[in-house]
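Undergrad: There's a structure below that I have some questions on.
The values are calculated or read from the model by the stated rules, or taken from the named source; none is laboratory data. In this text the structure is predicted, and so the values were computed from the model without any measurement. Ideal geometry is used to build each Cβ from the backbone, glycine not excepted, and the neighbour counts take in all protein chains shown. When the accessible area is computed, the model is the full protein with side chains, heavy atoms only, and any ligands, DNA or RNA have been set aside. Shrake-Rupley method; radii C 1.70, N 1.55, O 1.52, S 1.80 Å.
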Amino acid sequence: MGNTAVRNSALTAIRNRLNNWLTASSGETAQLFYYNANWGTLIGYPASYGSDLELNDHHFHYGYFIAAAATLAKFDPAWAASGQYGGMVDLLIRDANNYDRGDTRFPYMRDFDIYAGHDWASGHGSFGSGNNQESSSEGQNFANALIQWGQATGNAAVRDAGIFIYTTQAAAIQEYWFDSADQNFPTAFGHSTVGMVWGDGGAYATWFSGEPEMIQGINMLPITGGHLYLGYNPSYVNTNYAELVRNNGGPPTVWQDILWEFQALGNGDAALANFRANSGFTSEEGRARRTPSTGSATWPLWARWTPRYPPTTRFRPRSSRTAPARTWRRTSAARPSR
């Protein structure tokens, strides 16, 4: 778009915020990370949701830092060098899901369960029902951040770890959180989705709210270019959204931006109409407002297409098999792929 002033302002804000968090000064007690050698973990302070005492949610929290760092690294590779701030970013990655079996500072794949095919959020996992995770989409945010960071910095090991987590968990989400093929949930359950997966099953619930918008929306946010796996089955997207409206007794009254962006992956025209008819809504707390007018408003996602370049996706046009798919590269040869 050529609006470099806005881009540079955003990059400066990202750089300043990350530099503050990734640098610790004598006597500083907040907006920093502390390595605890006894538990082999990196803890951010101020802590939240038991991230210090129970080691909960590290992949949720650190995914946002890594995603921001990856955005900055695309434009400022010197900042991302291992001798600069890249080394700290790598510690965040290794803490949540260490990709190096030889690194004794952190356990290998702390949060990702290779057998189950998805993350767990609790650090202790000692509930009567085992471990649990509600926000599978924030787990995917972490995986997508690894892909972006690895691609931007030339670290194939990080990139490939992200691809493994992302693709494996995307399949698990379709089965365990969404049951998008309608084959797994017991008939008596009565829902097309769960808010939480437990070691012994699932629940239409969250830790923090009983509102349908949040029970279902917690497995959608934050919707980014890395969350298009949510649209692998457009018919299911419509089923999921219809249940939300039904359970809510009408259209969503909170988190409308998240929910309409999700709806756009199944019915883009309806989602855009919802936004235009109700544009005075309050955005979800962690987001800026944007219009859900993605390519899905015209073309459905082409889920079976396999790109040669990891951060790439493609939409299937309604009339032919020629559709634009934009990628980014750090070289001067950046251009849209078709």
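Undergrad: If you plug each phi of segment 143-151 into the Karplus form 6.51 cos²θ - 1.76 cosθ + 1.60 with θ = phi - 60°, what whole-Hz ³J(HN,Hα) values come out, in order, with x for Gly and Pro?
TA: These are the phi-based 3J(HN,Hα) values: 4, 4, 4, 5, 4, 5, 5, x, 5 Hz.
Undergrad: About the Cα centre of the chain, how large is the charge dipole given +1 on each Lys and Arg Cβ and -1 on each Asp and Glu Cβ? Please answer in debye to the nearest 20.
TA: Values: 25 positive and 27 negative charges, 407 e Å.
It comes to approximately 1960 debye.
Undergrad: I've got another one for you. Would you kindly state the longest site-free stretch of the chain, with sites defined as GluC sites (Glu not before Pro) in a DSSP loop (not H, G, I, E, B) surrounded by at most 11 other Cβ atoms within 10 Å? Don't jump to the answer; show the numbers that get you there.
TA: Values: sites that count: E28, E285.
The longest such stretch corresponds to 29-284.
Undergrad: Amide H of Q31 versus every other amide H placed in the peptide plane: which residues, excluding those fewer than 5 positions away on the same chain, fall under 5 Å?
TA: Y45
Undergrad: With θ set to phi - 60°, apply the Karplus curve 6.51 cos²θ - 1.76 cosθ + 1.60 along segment 233-245 and write out the HN-Hα couplings as whole Hz, x wherever there is a Gly or Pro.
TA: For segment 233-245, the Karplus curve yields 10, x, 4, 5, 3, 5, 5, 4, 5, 4, 5, 4, 4 Hz.
Undergrad: Separate question: Evaluate E = 1/(1 + (r/R0)^6) for T167 and S126, where r is the Cβ-Cβ distance and R0 equals 22 Å; express this FRET efficiency to the nearest 0.05.
TA: Numbers: r = 30 Å, r/R0 = 1.35.
E(calc), rounded to 0.05, equals 0.15.
Undergrad: Same structure again: In the chain, if the dipole is taken from +1 on Lys/Arg beta carbons and -1 on Asp/Glu beta carbons about the Cα centre, which of Y108, I165, G86 is farthest to the positive end?
TA: So the residue we want is G86.
Undergrad: Could you check which residue among Q263, Q216, Q174 shows the biggest mean-square fluctuation in a GNM of the chain with a 10 Å Cα cutoff?
TA: Of the options given, Q174 has the highest mean-square fluctuation.
Undergrad: Sequence gap at least 6, Cα distance under 8 Å: using those rules, report the relative contact order of segment 1-95 to the nearest whole percent. Don't skip to the answer; put the middle values down first.
TA: Numbers: 78 pairs, mean separation 20.1, N = 95.
Answer for segment 1-95 is 21 percent.
Undergrad: Using Cα-only point scatterers and the Debye equation, what is log10 of I(q)/I(0) for the chain at each q in 0.13 Å⁻¹, rounded to two decimals?
TA: -1.07
Undergrad: If amide hydrogens are placed 1.01 Å from N in the peptide plane, which non-local residues have theirs closer than 5 Å to the one on M196?
TA: Here A203, A205 satisfy the definition.
Undergrad: Can I ask one more? Probe radius 1.4 Å, ligands and nucleic acids ignored: give me the carbon and sulfur share of the accessible area of segment 34-144 as a rounded percent.
TA: Numbers: 2460 of 4590 Å².
The value for segment 34-144 is 54 percent carbon and sulfur by accessible area.
Undergrad: When a/c is below 1.5 the answer is rounded, else prolate if a/b is larger than b/c, else oblate, so apply that to segment 28-160 with a ≥ b ≥ c taken from the square roots of the Cα gyration tensor eigenvalues.
TA: Numbers: a/c = 1.74, a/b = 1.40, b/c = 1.24.
The shape class here is prolate.
Undergrad: Send over a whole-number figure in Å² for the accessible area per residue of the chain, probe 1.4 Å. Walk me through the numbers before you get to the answer.
TA: Working: 16410 Å² over 338 residues.
For the chain, the solvent-accessible area averages 49 Å² per residue.
Undergrad: Hey, what number do you get for the chain at 222 nm if only DSSP H runs of n ≥ 4 count, each worth -39500 (n - 2.57), divided across all residues, to the nearest 500? Present the calculation step by step, with values, prior to reporting the outcome.
TA: Numbers: 9 runs with 123 residues, N = 338.
Result for the chain: -11500 deg cm²/dmol, rounded to the nearest 500.
Undergrad: At what distance in nm do the modelled label points of A157 and N38 sit from each other, each positioned 7 Å from its Cα along Cα→Cβ?
TA: Placing both labels 7 Å beyond Cα along the Cβ direction yields 2.9 nm.
Undergrad: Any idea what the relative contact order of the chain is, in percent, if you count C-alpha pairs under 8 Å spaced at least 6 apart? Spell out each step's value before the answer.
TA: Numbers: 545 pairs, mean separation 34.9, N = 338.
Value for the chain: 10 percent.
Undergrad: Toward the positive end of the charge dipole of the chain, about the Cα centre and with charges on Cβ (Lys, Arg +1; Asp, Glu -1), which of V254, L221, N8 goes farthest?
TA: Comparing the listed Cα positions along the dipole, N8 ranks first.
Undergrad: I would also like to ask the following. Quick check on segment 122-265: what does the Kirkwood estimate of hydrodynamic radius come out to from the alpha carbon pairs, in Å? Kindly include the intermediate steps, with their values, before the conclusion.
TA: Numbers: mean 1/r = 0.0632 Å⁻¹.
Kirkwood radius, segment 122-265: 15.8 Å.
Undergrad: Using a Förster radius of 51 Å, what is the FRET efficiency between A81 and A188 based on their Cβ-Cβ separation? Nearest 0.05, please.
TA: Numbers: r = 56 Å, r/R0 = 1.10.
Calculated value: 0.35.
Undergrad: Here's another thing I want to ask about it. What nm distance separates the two modelled labels at A242 and R7, each placed 7 Å from Cα along Cα→Cβ?
TA: In this crude spin-label approximation the distance works out to 4.3 nm.
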